[in-house]
Amino acid sequence: MSHLRVLDLSRVLAGPWASQLLADLGAEVIKVERPGCGDDTRSWGPPWLADGDGQPTREAAYFLCTNRNKYSLTVDITRPEGQEIVRQLARDADVLIENFKLGGLAGYGLDYPSLHALNRQLVYCSITGFGHSGPYAPRAGYDFLIQGMGGLMSLSGTPDGEPGAGPQKVGVALTDILTGLYAGNAILAALAHRDRAGWRSGEGQHIDLALLDVQVACLANQAMNYLVSGSAPRRMGNAHPNIVPYQDFPTADGDMILAVGNDGQFARFCAVAGHPEWASDERFASNAARVKNRQQLIPLLRQNTVLRTTAEWIAALEQAAVPCGPINDLAGVFADPQVLARGLRLAMPHASGGLAPQVANPIQLSATPVEYRKAPPTLGEDSDAVLRSLGYSDSRIAALRRAGVV
């Protein structure tokens with residue numbers, strides 16, 4: 001993808017997640033930011049990245065999670081001179097990603113119709129809370145809000161009637177991340193359509209991607225449970241609506257996950273637990289029976305799992321090919337032998353003089369592996385280089401900087 005240029009006008013998470021994915025796969029990504037402050041997430045700290053002397057910088061960890069392999073260009077798009085810079089970049093771009101409110105870029109002449117007229121090959125991806133149609137289209141949308149509106153929080157949290165009952169959001173901005181992944185897929189599909197007869201052979205198109213649409217689409221089996229049965233699923237804590245036992249269980253020194261996916265695995269678990277009779281009990285012999293009788297089964301299992309430590313259970317159940325595992329905090333995650341073996345933690349030299357920790361891209365390609373070419377940039381780190389590539393002289397760049405345009 002090194003032949004592709006992406007112009008990233010997005011901020012925060014969903015759009016930058018998509019553009020980082022494309023950057024990791026080789027695309028040249030130019031991130032356009034506001035002079036003086038940049039992407040909102042630059043200020044979303046602490047924690048802050050340490051410089052070469054171990055002192056905190058003003059580079060927030062949040063920004064670092066989704067902006068590697070990009071070039072930072074500061075441009076004030078409210079100014080005519082800034083709009084012209086973006087238009088010049090768009091003339092030669094393959095992709096533009098933006099997450100302004102509906103109509104937010106039209107007044108600057110940077111909306112899809114305007115830029116499509118300049119570059120008919122451009123794939124223009126708009127990410128909004130609610131899309132470009134429907135009664136909510138003008139509203140702003142944020143991940144937390146969408147997790148509630150889109151049904152995810154109705155499925156997450158402690159069940160009613162138990163201590164701590166109530167809806168819960170997911171611990172990361174999952175709707176934003178899923179939207180970024182959908183955006184990356186949509187962009188690649190649009191590029192494949194454009195270039196199906198050869199490089200840049202056809203026209204680009206507009207992608208209208210909404211956080212709410214993505215959240216509803218990602219309800220997956222729970223959406224089908226409702227649509228098929230007509231009964232809305234309720235919060236079940238860590239239990240699974242369709243599989244039993246498939247949840248957390250207490251152990252002698254903490255907790256573990258038991259993820260039994262079929263009747264054979266359940267029978268092997270029962271043997272390890274010292275209760276082979278459970279597997280032949282008509283109440284528990286099949287998954288459908290276990291789902292029906294979970295209120296009887298789960299207490300029996302809990303009384304048994306507290307008799308051994310988490311490590312003892314994992315060792316015994318792995319030997320019997322029963323899926324199980326610990327509940328790691330993030331220190332445990334990044335110390336896990338499998339995580340280490342897969343190289344999921346890395347560090348990149350940063351312009352501040354320190355090392356920027358990163359979580360690796362999980363895509364492992366045999367012929368075109370992900371390359372970590374450039375740490376998340378400081379604000380405007382590449383402005384001069386990008387502007388020079390457009391033919392701007394040093395004196396012109398200096399004048400634009402004095403005027404606050406870049």
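Data table
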| item | result |
| --- | --- |
| Matching residues in region 275-309 - criterion: being more than 15 Å from GLN247 (Cβ to Cβ), assigned to a helix (DSSP H, G or I) and open to solvent by less than 60 Å² (accessible area, probe 1.4 Å) | TRP278, ALA279, ALA289 |
| Qualifying positions in region 198-214 - in a strand (DSSP E or B) and not hydrophobic (A, V, I, L, M, F, W, C) | HIS206, ASP208 |
| Criterion (more than 24 Å from the chain's Cα centre (by Cα) and modelled with pLDDT of 95 or more) met by exactly one of GLY343, GLY391 | GLY391 |
| Scan of region 101-118 for residues that are open to solvent by less than 30 Å² (accessible area, probe 1.4 Å), closer than 27 Å to MET1 by Cα and either outside any helix (DSSP H, G or I) or acidic (Asp, Glu) (or both), ordered by number | LEU110 |
| Failed criterion for ALA197 (all others in (1) within 25 Å of ARG91 (Cβ to Cβ); (2) surrounded by 15 or more Cβ atoms within 10 Å (Cβ to Cβ) hold) | (2) |
| Wholly within region 1-100, strands (runs of 3 or more DSSP E) carrying at least 3 residues that are β-branched (Val, Ile, Thr) and surrounded by 20 or more Cβ atoms within 10 Å (Cβ to Cβ) | 28-33 |
| Filter result for LEU258 (crowded, with 17+ Cβ neighbours inside 10 Å, under 25 Å from the mean Cα position of the chain (by Cα) and either farther than 29 Å from PRO163 by Cβ or in contact (Cβ under 8 Å) with a residue 12 or more places away in the chain (or both)) | no |
| First in region 34-51 and of a type in the set (Phe, Trp, Tyr), second anywhere and open to solvent by 20 Å² or more (accessible area, probe 1.4 Å) and in a strand (DSSP E or B), Cβ under 6 Å, 6 or more apart | TRP48/PRO56; TRP48/THR57 |
| Complete set of residues in region 129-140 that are open to solvent by 10 Å² or more (accessible area, probe 1.4 Å) and in contact with a strand residue (DSSP E or B) (Cβ under 6 Å, 6 or more places away or on another chain) | PHE130, HIS132 |
| Number of the condition not met by GLN121 [criteria: (1) closer than 30 Å to ASP382 by Cβ; (2) of a type outside the set (Asp, Glu); (3) open to solvent by 10 Å² or more (accessible area, probe 1.4 Å); (4) free of Cβ contacts under 8 Å to residues at least 40 places away in the same chain] | (4) |
| Within region 207-229, considering residues that are open to solvent by 60 Å² or more (accessible area, probe 1.4 Å) and more than 20 Å from VAL172 (Cβ to Cβ), the one farthest from the chain's Cα centre (by Cα) | SER229 |
| Filter result (over 23 Å from PRO16 (Cα atoms) and in a helix (DSSP H, G or I)) within region 150-192 | MET153, SER154, LEU155 |
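The values are calculated or read from the model by the stated rules, or taken from the named source; none is laboratory data. Fair warning: this is a prediction, and the values are worked out from it, not measured in the lab. No Cβ is skipped: glycine too gets one built from the backbone with ideal geometry, and neighbour counts run over all protein chains shown. These accessible areas exclude ligands, DNA and RNA; they are computed on the full protein's heavy atoms, side chains included. Shrake-Rupley method; radii C 1.70, N 1.55, O 1.52, S 1.80 Å.
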